[in-house]
Amino acid sequence: DANHELAGTAYKADVRLDAVEDGPGQDLAYAPGGTDGRYRVATFGLGCFWGGELAYQRLPGVVSTEVGYTQGAKEDPTYEEVSSGTTGHTEAVRVVYDPDEVTYGELVELGLSRLGQDVYELNKVGNDRGTQYRSGVYYHDDEQREAAERSVERLRKDGGGREVMTEVKEATVFYPAEEYHQQYLLKGGQSARKGETEGIRC
């Protein structure tokens with residue numbers, strides 16, 4: 001929200017580094033049996049990536065977030081190229097989380113709840129339309145795939161048998177978006193505090 005009263009405000013803080021822990025590693029694509037280490041990775045397409053990222057930033061157990069482009073053919077696409085709808089990518093949020101604090105199922109449910117009735121729409125989330133805004137759950141291992149498929153099946157039943165258009169696919173290469181897109185709503189003054197319940201303006 002670029003018009004927020006705190007937009008552009010600078011803060012100064014003293015920070016102490018208590019520990020450094022290994023992340024999930026650099027190879028973040030699909031690994032059937034999962035990965036070693038404390039943290040896990042999840043990737044979701046929820047339409048415009050700004051609001052989805054802020055929702056995950058607020059969730060306890062989420063260690064980091066990054067927005068970008070996935071499921072497309074072109075290497076290192078730009079925002080303008082993805083927005084043209086010609087590269088095959090969708091806007092996505094990549095989440096690093098601690099499975100001791102939040103389950104993958106909870107991450108999936110948060111994403112699907114943000115989509116609402118748009119889970120039944122093809123290439124549409126809110127007012128955004130096009131293949132670059134299609135919704136998806138992109139699993140990184142078989143356990144994630146099974147959890148995603150269970151959630152989608154529940155939505156199908158809840159919808160009276162309506163086809164769920166949110167795709168469930170194997171995670172592929174994720175290209176980080178340009179720096180100005182990262183934590184965009186936080187930079188605009190919206191709270192990313194863990195447990196924050198204020199509505200997300202996007």
Quiz item: Which residue pairs have Cβ atoms closer than 9 Å, lie 6 or more positions apart in sequence or on different chains, and pair a first residue in region 8-20 that is loosely packed, with under 10 Cβ neighbours inside 10 Å with a second residue that is at pLDDT 85 or above and part of a loop (DSSP other than H, G, I, E, B)?
Solution: Thr9/Gly189
Practice problem: Please enumerate the residues belonging to region 134-163 that are open to solvent by 20 Å² or more (accessible area, probe 1.4 Å) and among the aliphatic types (A, V, I, L, M). | Solution: Val152, Leu155
Quiz prompt | Residue satisfying all of: in region 83-94; within 10 Å of Thr131 (Cα to Cα) and among the small types (Gly, Ala, Ser); most open to solvent (accessible area, probe 1.4 Å) among these | solution = Ser84
Practice problem: Please specify each residue of region 170-202 satisfying the condition of being in a loop (DSSP other than H, G, I, E, B) and either without any contact (Cβ under 8 Å) to a residue 12 or more places away in the chain or among the basic types (Lys, Arg) (or both). | Solution: Arg193, Lys194, Thr197, Glu198, Gly199, Arg201
Quiz item: For region 12-49, how many residues are at pLDDT 80 or above and in a loop (DSSP other than H, G, I, E, B)?
Solution: 11
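For every residue, the table says whether it meets (1) at pLDDT below 95; (2) open to solvent by less than 30 Å² (accessible area, probe 1.4 Å); (3) in contact with a Ser or Thr (Cβ under 6 Å, 6 or more places away or on another chain).
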{"residue": "Val63", "(1), (2), (3)": "no, no, no"}
{"residue": "Asp76", "(1), (2), (3)": "no, no, no"}
{"residue": "Glu81", "(1), (2), (3)": "no, no, yes"}
{"residue": "Asp100", "(1), (2), (3)": "no, no, no"}
{"residue": "Leu107", "(1), (2), (3)": "no, yes, no"}
Exercise. Name the residue, out of Arg193, Arg145, Arg134, that is out of contact with any strand residue (DSSP E or B) (no Cβ under 7 Å at 6 or more places or on another chain) and among the basic types (Lys, Arg).
Key: Arg193
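The values are calculated or read from the model by the stated rules, or taken from the named source; none is laboratory data. None of these values were measured; they are calculated from a predicted model. Using ideal geometry, Cβ is built from the backbone for each residue, glycine included, and neighbour counts are taken over all protein chains shown. The protein model used for the area step is the full one, side chains on, heavy atoms only, and it has no ligands, DNA or RNA in it. Shrake-Rupley method; radii C 1.70, N 1.55, O 1.52, S 1.80 Å.
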